[in-house]
Each structure stands twice: as C-alpha cells, then as structure tokens.
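Working notes, beginning with the structure itself.
Every number in this text was worked out from the coordinates using simple rules, so none of it is lab data. The structure presented is a predicted model; accordingly, all values stated were derived computationally and were not measured. With ideal geometry, Cβ positions are generated from the backbone for all residues, glycine too; neighbour counts draw on all protein chains shown.
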Amino acid sequence: MNRVFALFLLAACALPAQVPGEVRVAAIVAFTEGPAADLSGRIYFTETVTERILRLADRGAPATFRESSNAANGLVFDAQGRLIACEGGNPGRNLPGRITRTEVKTGRVEVLADRYEGRPLNRPNDVTVDGKGRIYFTDPGTPRNSAVYRIDPDGRLARILASPDIEKPNGVMISPDDRTLYLVESNQVEGGARMIRAYDLAGDGSVRNMRVFHNFYPGRSADGLCIDSRGNLFAAAGLHRRRGTSETLDTKPGIHVFSPAGKLLRFIPIPEDTITNCAFGGPDLRTLYVTAGKTLFQVPVELPGTRR
C-alpha cells in the first residue's frame, strides 16, 4: 500500500491546524503545477498564481528559483541539466507564450520557440524530451487551433499534430524506448475528448497510428503524465468536486498507473483538488511527486522512474 505524504502547503501565511471562532479561509493564493527532477533528483515545480518556479531545498523546504516566470507551467530537464519550461504568457501585458531553456547555474534564459510560421503560440502547457534530445510540447487553444510541436536539437520547430485531429492537448510523454508518444486530451465541453491518446513515434520524430490508450469520459481527464523505467504510465486525473463543467466525478481523483498495454495496475488516491501533474525525483528516482491545489505530495514507489 502506497503512503502519500503532503510535503508542504503553499499559502499566504501559516494557519493553525484548527481555526477558532468565525475565521475562515478567504482565498487560496497558490496553485502548483509542472514538477520535474534535475540530474541530482531535486524537484522543481511551478506556482501559477504568483508566477514562480520553485525548487525543493535539501531539507524539503521550497525556495524560489525564478520570479516572474511568464506563467510557466510544465517543466522538464534536458540531458545537459538545463530547465525547459512551457510559459503561457500574458496577453494583457503583451508577453507571449513560449518555450524557454534556462541554464540553472547562471539563470540565463534562452527562448527556443514563440512562433510557428509567423504566428504566435497560444499557451504552451506541457513538455517532454526523447532520447535524441528532441523536445515535444503541447499548445492548447481552441479545438480549431490546438497543436503539438517538436523542437529538434538544431532548433527547427515542427508541428506534428494539429486540429481537427486533436481537440485540447494537455500532458505529453514519450516512452523510455522512444517508440510511443502519449497525449492527454482534456476537453471539458459536453462530448469533448477526455482521454489519453497513444501514437507510434517514428525515428524522425513524427507520429502515426493513433489509438485511444484510455478514455476518462465523462469524468475529468488526466492533466499531466510521468512514466517509469518499465514504461508504466502515471496519469494525474479526476476531481473530488465538480467545477461547473460537464465533467463528472466518474474519474477517481489521484494517480492512475497503466501498463504499456493500457491495463490499470494501481491507483494512488490524492486528497486534494485540483490534481495537476506528477514526476519522479530523489537520487534514485523512487519518489513520486504530485502537484495538487496548493500542495506538493510525495509517494514512495518500488520501480525507479524517468525524468521525462
């Protein structure tokens, strides 16, 4: 049986375990997303309300790695230990959505992509890498202009999936053998795609042979994904309470673990909404980290994970 630990809570101030009198929580000021492990296994993650990238210190306390993150969401580290970030941007402040690469030691930020064929990206959401150093990211917009892109090591940007073949792409993951690309669809409208798609990933980084790996409809679909060394796929999905969409509570809230063949192997319940993403960390990659609401959870696991 997996034990889930709440590693810490992000909030405006520390609250006692029981709040006396008429005092009530008036607002939640943090929302965690996008965990990723660096080459030592230390976890970085995003906080989307105050737009920060955080990392865990040696004793498990959070520390700010980058302020003003440009609405960063999904993160991943490349083989050189550089931090790749999906930045959603802020149209009101004329800040574009983009993919960046940060040198962790110096903090130098390099823009890898912010346009495709002259048009700005929407709001890049999630990102992964393959064994050849190629970067894959999702860029959800409307069901008419969503896309999945690949950035090659030489910097070339290619669109590998687009509407109407996809609707609302979210989490993305590459299998450890580089042969399968998994893509989350999280369209909240009635009848919208809420599933994990699987594609054959060719040697040139293109995809074909789409099949439905798992269908969450009518419940809430997955958000983020991570994958262990045997290719078992971990999907952060479900809701404790409905949130004004057509999504039902049919999907149990937590981490759903699937074999490469799509069989549900186990379920790890997470006690807080909204469950957003997961990643493996620690020196041996045997700790699963889960972002949900204002909390980062950690769960010991038997098999080592990957950093994808």
Positive end of the dipole of segment 151-308, charges at C-beta (+1 Lys, Arg; -1 Asp, Glu), about the Cα centre: which of Gln298, Pro176, Met210 has its Cα farthest in that direction? Gln298
Run the Debye formula on the Cα coordinates of segment 165-225, all scatterers equal and no solvent, and tell me log10 I(q)/I(0) at q = 0.25, 0.29 1/Å. -0.99, -1.21
Under 28 Å, Cα to Cα: Lys pairs in the chain, sequence gap 8 or more or different chains: 8
Can you compute the radius of gyration and Dmax for segment 84-177, using only the Cα atoms, both in Å? 13.1, 41
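Compute the Rg to Rh ratio over the chain from the alpha carbon atoms, using the Kirkwood formula for Rh, and round to two decimal places.
Taking Rh as the inverse mean 1/r over Cα pairs, Rg/Rh reads 0.94.
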Can you give the Rg to Rh ratio of segment 189-257, both from alpha-carbon atoms, with Rh computed by the Kirkwood formula? 1.04
What does the charge dipole of segment 41-90 about its Cα centre add up to, to the nearest 20 debye, if the Cβ of each Lys and Arg holds +1 and the Cβ of each Asp and Glu holds -1? 180
Considering only C-alpha atoms, what is the centroid distance from segment 195-220 to segment 143-182, in Å? 10
Once you have a ≥ b ≥ c as the square roots of the Cα gyration tensor eigenvalues for segment 171-308, tell me rounded if a/c is under 1.5, and otherwise prolate or oblate according to whether a/b is larger than b/c. oblate
